[in-house]
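Inspection log for the structure reproduced underneath, given as structure tokens.
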Amino acid sequence: MDSQKELPKGYMGRILEIDLGKKQFRYIDMEPDLALRFFGGRGIGAALLFRHFEELHTQGDYKDPFMEVEGLSPDNVVIIATSPATGTRMPASGRFHMNFKSPLSEGLGSSDSGGFWGVQLKHAGVDVLRIVGRAETPTYLVLDKDGVTFHDAAPLAGLSTEKTSELLLQELPKGSRVLSIGEAGKQMVRFAGVISERGRALGRSGGGAVWGSKNLHAVAVVPDPSIKIETADPEMLDIKNRESATFKAKMMLDVGKLTRKESHYGILSSLGSLGLLGMVNNHGQLSHNNMQNNAHDKDNIAKVNGEALRNHKDIAAPGTPTVEVKKGTCFNCPVACKRETTVLDEKGEYVDSGEGPEFETVTLMGANLSIYDLPLITKANYAANRFGMDTVSLGSTIASFFELYTYCRDKQNLSEQERSFMEEVRPFVNEVGEPVFGNSEVLLPLVDMIGNRRGIGFYLGEGSYRFCSRYGHPEFSMTVKQQELPAYDPRGSFSQGLSYEMSNRGGCHLEGGYMAAQAYAGGYGEWPADRTEGTPLILKNASLRNTIYDVIGSCVYTSFSIGLDDYAKLLNAITGLNLNAGELQRLGHRVFTLERLFNVRCGKGPQDDWLPRRFFTDPITVDGGERVCDEEAFRRMHGEYYDAMGWDAEGVPTEEVLHKLKLGDFISFLTEKRS
Ligand code: SF4
């Protein structure tokens, strides 16, 4: 696919570069080589991120910008990339990707979102945004087909992401969409995200803090109805044509919905992502009390699972708050896993409404805190969306706070750091209550204090690793590469544990681990969750496959029904290329390897590829027996995984694999001395 010299169809052909400091913008032609080698989304994002840091070196400002430029530096960059498939008739084609250096990990920053904003960016005639510099004062941008206008963001001061969007849309033509940060991004909470609609998040890695550090508060896109996305074979994409790739993909999704009600796909459609909660708990993987164990009471799980959300009015105790729910979806997605909710008070009167909660949110901001109150978790989710915070990192950071507090409260002979912690937390305890597992009274105040970086919330806004390290206890931070782990306990699934370790953006559940065991390998019956033999190879294939969904601009949830062969047909109809499943898998390998190389250049190595200690020392009960992650087996899996990926014993991609993946122009980064 990468010998062609013309830009394939599906692209708008333009990268829009915005310099916030100079208040200037320019369009750059999309190079065919960039499109053909990295395709779109996460692929183009990784390539342009790398190129930005190399340019900083060429300009002579830094000896080694990869190491010297931090996530919150004005010299960081924000890349937002769509794919040629974004906004086309391919199912679930509303997704777009954001890259930057992460203020959490100080390595790769990477987040993906659904919704509608990316589609409208293409209808403004742009494939990719590259945002550099720092605005002198708070600024928001309006993009249309002719360019960019820079606006004073003073009227947005103190507004939530939702209100920001409402305010800007009042002045903009129909169809416009807004991406914005809330107070958390403005205050540079290190796990702040960027939000569109009422809760579609570019959530992970702290991109909202990067926006805040650049004084960038919102980006509105104004589509032009005359701008169409050209495709190579519209007939093959026409849903009314029963022979078309789109029709077949839709059929696969529909058949999955009807015949696999108990599978991930059927559950996602009928119950939303929260439908996974019961299944994950049944496998002993649902994290509890800052991942100390998996000991949830079944009755408690029944209060917060997918069925509970769907039937909440019927199951809630009389005279208590309830949640009403209806389906929501992203652009052109028949799965419709999103949920729009309304919270009612004990008298049945309206309290609030918004998007979610999703499975990860209910676990990290609920079950992992021993809080099983669905209306409360739903309200905390609304607040997190309005502040613009990643609910995985937020919930996990609160859990680490609870554990640290309980440990220090119950300990004799506190160290100096522990004493200073108890001093700093005292006003919170006096005014709000004890930050302990199961105390639901403290949840909403904590979200508010972290979002505003008030009191103890100031330090919690640094993320759990920096927070716990400040007081001498990094072991209470459940992170890999300083990013918080999602809902699955690695002792319940070793492939998930290995996947957390190898994820380029740090703790992440979307790199194939959980699915490697359950979906791709046929379920636990055929692939036991504590199996280590052969797991690295399975994980490699699953993670490369999952990378592809972020590169082509589709949703990983469709992977349960639509395979890479079928995606190749859809992409060929869009672009006019001649792709197949093998080439897509190689594209995933290329992108994943380039991300790894970025991390290597940022100083990351094998020492960063490890789970927190407790998973190797403290057993949990799974299937009636005790289980920990076996350290020697994990060490062996690391070696096998590096080998399978074409990385050396230190986890550095070899020259050979870079050549093989057509990344030869990046080989100099392996040896280059910055002097
Ligand atoms: S499956 Fe869910 S998250 Fe994915 S595109 Fe569809 S509605 Fe959005």
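The table for this structure:
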read-out: Computed FRET value (nearest 0.05) for residue 439 with residue 302, which takes r as the C-beta separation and R₀ as 22 Å; value: 0.55
read-out: For the chain: relative contact order, % (alpha-carbon pairs under 8 angstrom, 6 or more apart); value: 15 percent
read-out: Placed amide H near residue 177: partners under 5 Å, 5+ positions off or other chain; value: 221
read-out: Residue (of 74, 117, 187) at the positive-pole extreme of segment 14-221, dipole from beta-carbon charges; value: 117
read-out: Chain lengthening between residue 618 and residue 51 when straightened (0.36 nm per residue, less Cα-Cα); value: 199.8 nm
read-out: Over 26 Å (Cα to Cα) - which of 186/604; 250/660; 145/662; 9/569 fall in this group; value: 186/604; 250/660; 145/662
read-out: Full-stretch length increase - residue 580, residue 254 - with 0.36 nm per residue and alpha-carbon distance subtracted; value: 115.0 nm
read-out: Dipole magnitude (debye, nearest 20) for segment 1-103, charges at Cβ of Lys, Arg, Asp, Glu; value: 580 debye
read-out: Cα radius of gyration and Dmax for segment 1-131 (Å); value: 14.9, 46
read-out: Compactness of segment 273-470 - radius of gyration and Dmax, Cα, Å; value: 17.3, 60
read-out: Using θ = phi - 60° and Karplus 6.51 cos²θ - 1.76 cosθ + 1.60, couplings along segment 133-139 (whole Hz; Gly, Pro as x); value: x, 9, 5, 5, 10, x, 9
read-out: Amide H contacts of residue 293 (H built 1.01 Å from N, under 5 Å, at least 5 apart or other chain); value: 288
read-out: HN-Hα J in Hz across segment 400-407 - Karplus 6.51, -1.76, 1.60, θ = phi - 60°, x for Gly and Pro; value: 5, 4, 4, 5, 4, 4, 4, 4
read-out: Cross-link pairs 23/481; 5/240; 163/338; 228/540 - those with Cα-Cα distance over 27 Å; value: 23/481; 5/240; 228/540
read-out: FRET E, pair residue 137, residue 630, Förster distance 56 Å, beta-carbon r, rounded to 0.05; value: 0.55
read-out: Stretch gain in nm, segment residue 19-residue 174, where the contour uses 0.36 nm per residue and the Cα spacing is subtracted; value: 53.1 nm
read-out: Cα Rg over Rh - segment 14-221, Kirkwood; value: 0.93
read-out: Karplus-derived 3J(HN,Hα), 6.51/-1.76/1.60, for each residue of segment 607-616, Hz, glycine and proline x; value: 4, 8, 9, 10, 6, x, 4, 4, 5, 9
read-out: Rounded FRET efficiency, nearest 0.05, which uses the C-beta distance separating residue 643 from residue 243 and R0 of 51 Å; value: 0.75
read-out: Cα→Cβ-extended label distance, 7 Å offset, between residue 327 and residue 454, nm; value: 4.1 nm
read-out: Candidate aspartates and glutamates for bridging to residue 303, where Cα separation is under 13 Å - those fewer than 8 sequence places away on the same chain excluded; value: 314, 373
read-out: Values of log10 I(q)/I(0), in the order q = 0.07 Å⁻¹, for the chain under a Debye, Cα-only, solvent-free model; value: -0.41
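Every number here is computed from the coordinates shown, using simple stated rules; none is lab data. From a predicted model like this one, the values you see are computed outputs, not experimental measurements. Counting neighbours? That spans all protein chains shown, and the Cβs are built from the backbone with ideal geometry, glycine included.
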